[in-house]
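Just below is one structure, and these are the notes that go with it.
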Amino acid sequence: MSTKPRILVFAGSAREGSLNKKLARIAATCAREAGAEATLVDLRDYPIPLYDGDLEEREGMPPFAVKLRELFLSHQGLLIASPENNGSVTSLLKNTIDWLSRDYQGRSGLEPYSGKVAAMIGASPGGFGAISSLANLRPILTKLTVLVIPEQVTLSKAHQAFKDDGTFVDERNLKAVTTVARRLVEMTAKVNP
Ligand SMILES: Cc1cc2nc3c(=O)[nH]c(=O)nc-3n(C[C@H](O)[C@H](O)[C@H](O)COP(=O)(O)O)c2cc1C
């Protein structure tokens, strides 16, 4: 079995043309180049209903949440591209995090999170590059006992940042994502020797 750190990469957007999905794709490549085994997933492929305690009591954890939970468990690091809605994380991202934090078949809801190392990146067409989203995501992950590295990427004017082939217009952005991905892989390897 590979001894490379396993990093799960996803964006908090379902949108086809999502800027954060583009950013996540580049970040996954950077994580691989930094020596990780990176799995890029699209939350659109994991449709989960809005958290509702009654639904949970009736039907348990939704099947796609269970699948995502398994993915979290089989990876040691998280690389999250977090879009910004009204100064915070998207409801999609929060809903996903919330469902996965529920106890499942007698296992603690902290299990998918404990011991994980995470890096946050975010893209927005605005001038601040989803910085408030990341500022809100950090304490959520910390609350779930995830170790969030200090380095992050906030990609502003992101609607102008990508070429048609999905690569960056400005090489400096690639450098910033590379730095964060390298640090995440390094820290994930340290925490999971
Ligand atoms: C309800 C809503 C609220 C938004 N609020 C913000 C915001 O507070 N700050 C910001 O920079 N962009 C905001 N945006 C713009 C999003 O950052 C933009 O739509 C972005 O492209 C979404 O990410 P995605 O491209 O990955 O889907 C908002 C968009 C929506 C739909």
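Using label points projected 7 Å from each Cα along Cα→Cβ, tell me how many nm separate Leu55 and Asn192, to one decimal.
2.9 nm
Cα axis of helix 171-191 to longest principal axis of the chain: angle in degrees, 0 to 90, nearest 10?
For helix 171-191, the angle is close to 40 degrees.
According to a simple spin-label model (label point 7 Å from Cα along Cα-to-Cβ), what is the distance in nm between Asp164 and Thr145?
The modelled label-to-label distance comes out at 5.0 nm.
For the charge dipole of segment 1-119, defined by +1 on Lys and Arg C-beta atoms and -1 on Asp and Glu C-beta atoms about the Cα centroid, which residue among Thr90, Gly53, Ser101 has the Cα displaced farthest towards the positive pole?
In segment 1-119, that residue is Thr90.
Run down the lysines and flag those whose C-alpha is under 19 Å from the C-alpha of Lys116, throwing out any fewer than 8 positions away in its chain.
List returned: Lys4, Lys67, Lys94, Lys143, Lys190.
Please report the spacing between the Cα centers of segment 111-136 and segment 162-193 in Å, no decimals.
14 Å
Could you run the Karplus curve 6.51 cos²θ - 1.76 cosθ + 1.60 with θ = phi - 60° over segment 104-116 and give me ³J(HN,Hα) per residue in whole Hz, x for Gly and Pro?
9, 6, x, 9, 5, x, 7, 4, x, 10, 4, x, 7
With charges only on Cβ, +1 for K and R and -1 for D and E, what is the dipole size of the chain about its Cα centre, in debye, rounded to 20?
Once rounded to the nearest 20, the dipole reads 560 debye.
Determine the calculated [θ] at 222 nm for the chain from helices alone, applying -39500 (n - 2.57) to every DSSP H run no shorter than 4 residues and normalising by the residue count; nearest 500 deg cm²/dmol.
It lands at -12500 deg cm²/dmol.
Quick query: amide H of Leu155 versus all other amide H atoms, modeled in the peptide plane; which residues come in under 5 Å with a sequence gap of 5 or more or a different chain?
Counting only residues 5 or more places away or on other chains, the set is Gly122, Ala123, Ser124.
For labels at Leu174 and Phe128 in the simple 7 Å Cα→Cβ model, what's the distance in nm?
Taking the two extended label points, one gets 3.0 nm.
So with the 1.4 Å probe, I'd like the accessible area per residue for segment 88-193, rounded to whole Å².
Here the per-residue accessible area is 51 Å².
Using a ≥ b ≥ c from the Cα gyration tensor of the chain (square roots of the eigenvalues), is it rounded, prolate or oblate, where a/c under 1.5 gives rounded and otherwise the larger of a/b and b/c decides, a/b for prolate?
Since a/c reaches 1.5 but b/c is at least a/b, the shape of the chain is classed as oblate.
Sequence-distant or interchain residues sharing an amide H contact under 5 Å with Arg6, placed H: which?
Those lying under 5 Å, H to H, from Arg6 are Glu37, Gln76, Gly77.
Could you state the angle between the C-alpha long axis of helix 131-143 and the longest principal axis of the C-alpha atoms of the chain, as a value from 0 to 90 degrees rounded to the nearest 10?
Roughly 40 degrees, rounded to the nearest 10.
What is the percent carbon and sulfur in the accessible area of segment 62-193, measuring with a 1.4 Å probe over the protein chains and ignoring ligands?
That share works out to 53 percent.
Could you check what % of the DSSP bridge pairs in the chain are antiparallel, to the nearest 5?
If we restrict to bridges inside the chain, about 15 percent are antiparallel.
The values are calculated or read from the model by the stated rules, or taken from the named source; none is laboratory data. Values in this document were obtained by computation on a predicted structure and should not be read as measured data. Quick reminder, even Gly has a Cβ in these numbers, built from the backbone with ideal geometry, and neighbours come from all protein chains shown. Protein only, heavy atoms only, side chains kept; ligands, DNA and RNA dropped before computing areas. Shrake-Rupley method; radii C 1.70, N 1.55, O 1.52, S 1.80 Å.
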